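What follows is a short report on a single structure.
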Amino acid sequence: MSGGKLDLQRIRRAIRGSGNETIFFLLDDAISLLPPAKLHQLLAQYMKPEQFVSDVAVKHDLLAEVQAFQNACLAGEYYEALDVNSKNCT
């Protein structure tokens, strides 16, 4: 690559003249190259970016909730006394 400034109008014309498959591959690569803020800005023009928020934070919170529940159980917070007799021991 020569390092010269790219002509955006020529690029746009070339993309518009390309087949769908080329455009899809180009877009897929562009998504990987854009910083998160720019990708959010681009997506906001065509769809709701909130629907693509990563579920990693949700999974992390779920793990924390399970661990907190386990600790509470082990500490006896969910203990309930039960009278054992001949009717409920089996």
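The values are calculated or read from the model by the stated rules, or taken from the named source; none is laboratory data. A quick note: this is a predicted structure, and the numbers were derived from the prediction, not measured. FYI the Cβ positions are ideal-geometry reconstructions off the backbone, even for glycines, and counts take in every protein chain you see.
A few points about this structure:
- Residue that is touching a Phe, Trp or Tyr at 6+ places or on another chain (Cβ under 8 Å) and assigned to a helix (DSSP H, G or I), where the choices are Leu43, Leu62, Leu39, Leu26: Leu43
- Some residue of the range 26-47 being among the aromatic types (Phe, Trp, Tyr) and either surrounded by 10 or more Cβ atoms within 10 Å (Cβ to Cβ) or touching a residue at least 24 places away in the same chain (Cβ under 8 Å) (or both): no
- Among residues of the range 3-21 that are part of a helix (DSSP H, G or I), those with a Cβ under 7 angstrom from a residue that is surrounded by 10 or more Cβ atoms within 10 Å (Cβ to Cβ), sequence gap 6+ or separate chain, pair up as Ile15/Ile23; Ile15/Leu26.
- Residues that are under 20 Å from Val53 (Cβ atoms) and modelled with pLDDT under 90, drawn from the range 1-36: Pro36
- Residue that is nearest to Ala37 (Cα to Cα), among those in the range 47-62 that are at pLDDT below 85 and more than 8 Å from the chain's Cα centre (by Cα): Ala57
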